[in-house]
Amino acid sequence: MVGSANSFVRFLDKNVTFIQVNDQASELGRQAAGTQMILADSGTYLQQLIDAQPDRLPETSFLKAAQRSRANWLKYLDARAAERPEGLLTAEGVLKEVGTLADADTIYELDIGNNTVWATRSLPFDQNQKMTMSAWFGAMGYAVSAGIAAKIAEPDRRVITVSGDGGFSMIVQDILTQVQYQLPIINVVLENGGFGFIRQEKANSGQSDYALNFKNANWAGVAENMGAIGLRVTDDASLTAAIQKCNDLIQAGNTTPIVIDAIISDQPPLETGRMALDPKVDSADEIKVFRAQYNFPADKYPALSTLIDQN
Ligand SMILES: Cc1ncc(C[n+]2csc(CCOP(=O)(O)OP(=O)(O)O)c2C)c(N)n1
Ligand SMILES: [Mg+2]
């Protein structure tokens, strides 16, 4: 755990060992006792760790398998981006295009929900870009408001916010504030008609999805009525048109906030917290159910242990 004090380590298996690096002594072991606690600046620590290696480390079968697994993951994201379940766009498909709107030092502001999972997977997050989210409290409604702060603090940088429809509808009035201060922020709403993250939690724990689906307004229309630019995205043609429109607006020195309201499939993101894929750990039945649930076939996306054995 490098430069972090992730509260979810409390929920790790008791037999999991970990090392924590943090420059604040008070953060070391605050969530759970690690095997080794290192009081250091993370960047300095990692650089010194690399410099301390006498030579290039040998390529282990684990490294090679992890590299292949990573390549498979990127192929999976591309495949998801191209899928049209029941004719609808996927979040991966929308965000892949949104990522092309970013420049070298874009600031992303992310909301909370499945939209966080999709955004952290699909946006490029290049070295000089910046991302913030409500990592500690996990507060929905963060992104649009954080976009205002980012654009005021860094007026020369492009700002893109990504929200779910639940989080966006909590703070939609902040679009008026963006209009009032003429902040040309690009706000993306991923519209899946419900609290997707909670739907997935409930489904995974065998509970009903009571009161988790809701009606949306046409958020692009609402944005227009607030004096922003609203772009409604329902299919490939309107997605391409919206991205083109944003590029044209950026070129023309636009000063008006933009809301891209994208209707997406209600399918949840692939669950990676606990993947039943490993023939050495999971039963054949568990693997079959997991792979079928997320359309994640073994020939394309083998388990890491299978890849290690192949090396
Ligand atoms: C202010 C607030 N209320 C409730 C929650 C609990 N919560 C976490 S994710 C989520 C659902 C988010 O729905 P939406 O914004 O539509 O995003 P999606 O998961 O559908 O992408 C809820 C209710 C929260 N994190 N913050
Ligand atoms: Mg939603």
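The values are calculated or read from the model by the stated rules, or taken from the named source; none is laboratory data. What you see is a predicted model, and the numbers here were worked out from it, not measured in a lab. Don't worry about glycine lacking a Cβ; one is built from the backbone with ideal geometry, like all the others, and counts go over all protein chains shown. To get the accessible areas, we keep the full protein, side chains included, count just its heavy atoms, and leave off ligands, DNA and RNA. Shrake-Rupley method; radii C 1.70, N 1.55, O 1.52, S 1.80 Å.
A quick yes/no check of all residues on (1) touching a residue at least 24 places away in the same chain (Cβ under 8 Å); (2) among the aromatic types (Phe, Trp, Tyr); (3) not assigned by TED's automatic domain parsing to the domain that holds Ser134:
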| position | (1), (2), (3) |
| --- | --- |
| Gln47 | no, no, yes |
| Tyr76 | yes, yes, yes |
| Leu110 | yes, no, no |
| Gly113 | yes, no, no |
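Among the residues of segment 235-255, are any among the β-branched types (Val, Ile, Thr), closer than 23 Å to Ala119 by Cβ and in contact with a strand residue (DSSP E or B) (Cβ under 7 Å, 6 or more places away or on another chain)?
No, there is no match, as no residue in segment 235-255 is among the β-branched types (Val, Ile, Thr), closer than 23 Å to Ala119 by Cβ and in contact with a strand residue (DSSP E or B) (Cβ under 7 Å, 6 or more places away or on another chain).
For segment 143-154, which positions are surrounded by 15 or more Cβ atoms within 10 Å (Cβ to Cβ) and either more than 21 Å from Glu92 (Cα to Cα) or near ligand 1 (Cβ under 8 Å from one of its atoms) (or both)?
Matches in segment 143-154: Ser145, Ala146, Gly147, Ile148, Ala150, Lys151.
I want to confirm something. Restricting to segment 189-215 and keeping residues that are near ligand 1 (Cβ under 10 Å from one of its atoms) and of a type in the set (Phe, Trp, Tyr), which single residue is farthest from Thr90 (Cα to Cα)?
By that ranking, first place goes to Phe214.
So which residues in segment 158-209 are more than 18 Å from the chain's Cα centre (by Cα), at pLDDT 95 or above and among the hydroxyl-bearing types (Ser, Thr, Tyr), if there are any at all?
Once the filter is applied, which keeps residues that are more than 18 Å from the chain's Cα centre (by Cα), at pLDDT 95 or above and among the hydroxyl-bearing types (Ser, Thr, Tyr), segment 158-209 yields Ser169, Thr177, Tyr181.
Condition first: within 14 Å of ligand 1 (Cβ to nearest atom) and either not hydrophobic (A, V, I, L, M, F, W, C) or not assigned by TED's automatic domain parsing to the domain that holds Val117 (or both). Now tell me which residues in segment 155-173 satisfy that.
Listed by number, the residues that qualify are Thr161, Ser163, Gly164, Asp165, Gly166, Gly167, Ser169.
Mind checking which residues of segment 1-43 are part of a helix (DSSP H, G or I) and more than 27 Å from the chain's Cα centre (by Cα)? Reasoning before the result, please.
Of segment 1-43, the ones part of a helix (DSSP H, G or I) are 7-11, 25-27, 42-43.
Result: Ala25, Ser26.
What's the number of the only condition in (1) open to solvent by 70 Å² or more (accessible area, probe 1.4 Å); (2) in a loop (DSSP other than H, G, I, E, B); (3) in contact (Cβ under 8 Å) with a residue 24 or more places away in the chain; (4) within 30 Å of Ile148 (Cα to Cα) that Pro268 fails to meet?
Unmet condition: (1).
Right, Ser283: small (Gly, Ala, Ser) and closer than 13 Å to Ser69 by Cα or not? Reasoning before the result, please.
Values: small (Gly, Ala, Ser): yes; closer than 13 Å to Ser69 by Cα: no.
No.
State whether one or more residues within segment 99-117 are closer than 30 Å to Thr306 by Cβ, open to solvent by 20 Å² or more (accessible area, probe 1.4 Å) and within 14 Å of ligand 1 (Cβ to nearest atom).
There is at least one residue in segment 99-117 that is closer than 30 Å to Thr306 by Cβ, open to solvent by 20 Å² or more (accessible area, probe 1.4 Å) and within 14 Å of ligand 1 (Cβ to nearest atom).
Please go through (1) small (Gly, Ala, Ser); (2) in contact with a helix residue (DSSP H, G or I) (Cβ under 8 Å, 6 or more places away or on another chain); (3) open to solvent by 70 Å² or more (accessible area, probe 1.4 Å) for Ala135 and return the number of the only condition it doesn't satisfy.
Failed condition: (2).
What is the residue count in segment 231-265 for residues that are touching a residue at least 12 places away in the same chain (Cβ under 8 Å), among the polar types (S, T, N, Q) and open to solvent by less than 50 Å² (accessible area, probe 1.4 Å)?
Number satisfying all stated conditions: 3.
Residues in segment 66-81: is at least one at pLDDT 95 or above, in contact with a Gly (Cβ under 9 Å, 6 or more places away or on another chain) and on the phi < 0 side of the Ramachandran plot?
Yes, segment 66-81 has at least one match.
Identify, please: which residue in segment 279-290 is of a type outside the set (Asp, Glu), more than 14 Å from Pro268 (Cα to Cα) and modelled with pLDDT of 95 or more and is, among those, most open to solvent (accessible area, probe 1.4 Å)? Before you say what the answer is, go through the steps one by one.
Step one: list which residues in segment 279-290 are of a type outside the set (Asp, Glu), which gives 279-281, 283-284, 287-290.
Of the ones still in play, those that are also more than 14 Å from Pro268 (Cα to Cα) are 279-281, 283-284, 287-289.
Keeping just the survivors that are modelled with pLDDT of 95 or more gives 283-284, 287-289.
Details: Ser283: 53, Ala284: 81, Ile287: 27, Lys288: 149, Val289: 95 Å².
Applying the filter and picking the extreme gives Lys288.
Which number in (1) within 23 Å of the chain's Cα centre (by Cα); (2) outside any helix (DSSP H, G or I) marks the one condition that Gln67 misses?
Going through (1) within 23 Å of the chain's Cα centre (by Cα); (2) outside any helix (DSSP H, G or I) one by one, Gln67 breaks only (2).
Which ranges mark the strands (runs of 3 or more DSSP E) fully within segment 125-214 that have 2 or more residues being within 16 Å of ligand 2 (Cβ to nearest atom)? First the steps, then the outcome.
Numbers: elements: 130-133, 159-164, 186-191.
The qualifying strands (runs of 3 or more DSSP E) are 159-164, 186-191.
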